[in-house]
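Chemist: One structure, as structure tokens, below. Some questions next.
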Amino acid sequence: MGRFHRILEPGLNVLIPVLDRIRYVQSLKEIVINVPEQSAVTLDNVTLQIDGVLYLRIMDPYKASYGVEDPEYAVTQLAQTTMRSELGKLSLDKVFRERESLNANIVDAINQAADCWGIRCLRYEIKDIHVPPRVKESMQMQVEAERRKRATVLESEGTRESAINVAEGKKQAQILASEAEKAEQINQAAGEASAVLAKAKAKAEAIRILAAALTQHNGDAAASLTVAEQYVSAFSKLAKDSNTILLPSNPGDVTSMVAQAMGVYGALTKAPVPGAQNSVSSGNSRDVQGTDASLDEELDRVKLS
């Protein structure tokens, strides 16, 4: 008779004619409601055309029937106003980046207001966002500029990496070249040292052989022949390298020059060795005096010749 009596449960229910009447029928399934397209202004004063889809479920049939006249219409209007309010807090760029957080904020706001209606909003999804044509052109230009900027940055980074690689290669090449030059100089010095040592050994061996040959029979004659040959060879090269020449008084007398050279050689071979023993007996001193006398005679003979 116009007054709430009870909620009929699923199954068989008995109604008294005239007294009982079913006033509201509510579905407890999840309901999908399309939110109509509407205008919204962002924080940076850009007007957007936006629509969405609302998913809700009736949790309390009594409140949904007697708490609001039309629950679906009420929830739809609440979703639209909440959407405009949330979009006004965000700039255009954040609307596209923070789409999920925007949906979550709209669901929380709807649930706080629709709790007394016995309705629970499960989720809200934004379908389409329409941007004005001029704003869309500006966005496209911005995207193109950003892409050109990234391309320029990547190109500069590639150029820098290439320059670094080239410099590193030159550095390694110089290091390797210096190490090779160092090794070459070391090898050359070692070769020159070995050559000098070999020449010194060969010269020492030649001197030893020459000394041994001079002590043999007719060694003085061979030495005289060698000195004569060297004198003739040196005499033939006079005045070839310079105009200033120092000559002896008799350059043409080869015999006197050889005799003089052999006399000096004999005097040097008969001279006492420095550092010899100082303790000499009286008999040995006579031999030394005799040797000195013979040396003086030999020198006089060389001078006379």
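The values are calculated or read from the model by the stated rules, or taken from the named source; none is laboratory data. Here the structure is a predicted model, which means the values were calculated and not measured. Here the Cβ is made from the backbone with ideal geometry for all residues, glycine too, and neighbour counts use every protein chain on show. Heavy atoms of the whole protein, side chains included, go into the accessibility calculation; ligands, DNA and RNA do not. Shrake-Rupley method; radii C 1.70, N 1.55, O 1.52, S 1.80 Å.
Chemist: Could you identify the single residue in VAL107, VAL143, VAL75, VAL135 that is touching a strand residue (DSSP E or B) at 6+ places or on another chain (Cβ under 9 Å), of a type in the set (A, V, I, L, M, F, W, C) and modelled with pLDDT under 85?
Modeler: Unique residue meeting the criteria: VAL135.
Chemist: Follow-up. Yes or no: the range 65-84 includes at least one residue that is of a type in the set (A, V, I, L, M, F, W, C), over 30 Å from GLY2 (Cα atoms) and out of contact with any Phe, Trp or Tyr (no Cβ under 7 Å at 6 or more places or on another chain).
Modeler: Yes, the conditions are met somewhere in the range 65-84.
Chemist: Assuming GLU30 fulfils every condition listed in (1) more than 21 Å from MET139 (Cβ to Cβ); (2) open to solvent by 20 Å² or more (accessible area, probe 1.4 Å); (3) in contact with a Ser or Thr (Cβ under 9 Å, 6 or more places away or on another chain); (4) in contact (Cβ under 8 Å) with a residue 40 or more places away in the chain apart from one, which condition is it?
Modeler: (3)
Chemist: Quick check: anything in the range 16-31 at pLDDT 80 or above and in a strand (DSSP E or B)?
Modeler: Yes, the range 16-31 contains at least one residue that is at pLDDT 80 or above and in a strand (DSSP E or B).
Chemist: I would also like to ask the following. How many residues, within the range 60-98, are under 15 Å from LEU43 (Cα atoms) and surrounded by fewer than 17 Cβ atoms within 10 Å (Cβ to Cβ)?
Modeler: Here the count works out to 10.
Chemist: Sort out which residues of the range 1-17 are surrounded by 10 or more Cβ atoms within 10 Å (Cβ to Cβ) and closer than 22 Å to LYS63 by Cβ, and write them in order of number. Full working, then the answer.
Modeler: Going through the range 1-17, the residues surrounded by 10 or more Cβ atoms within 10 Å (Cβ to Cβ) turn out to be 4-5, 7-8, 13, 15.
Residues satisfying the conditions are PHE4, HIS5, ILE7, LEU8, ASN13.
Chemist: Anything in the range 99-128 that is outside any helix (DSSP H, G or I) and open to solvent by 30 Å² or more (accessible area, probe 1.4 Å)? List them, or say none.
Modeler: Those that are outside any helix (DSSP H, G or I) and open to solvent by 30 Å² or more (accessible area, probe 1.4 Å): ARG120, LEU122, ARG123, GLU125, LYS127, ASP128.
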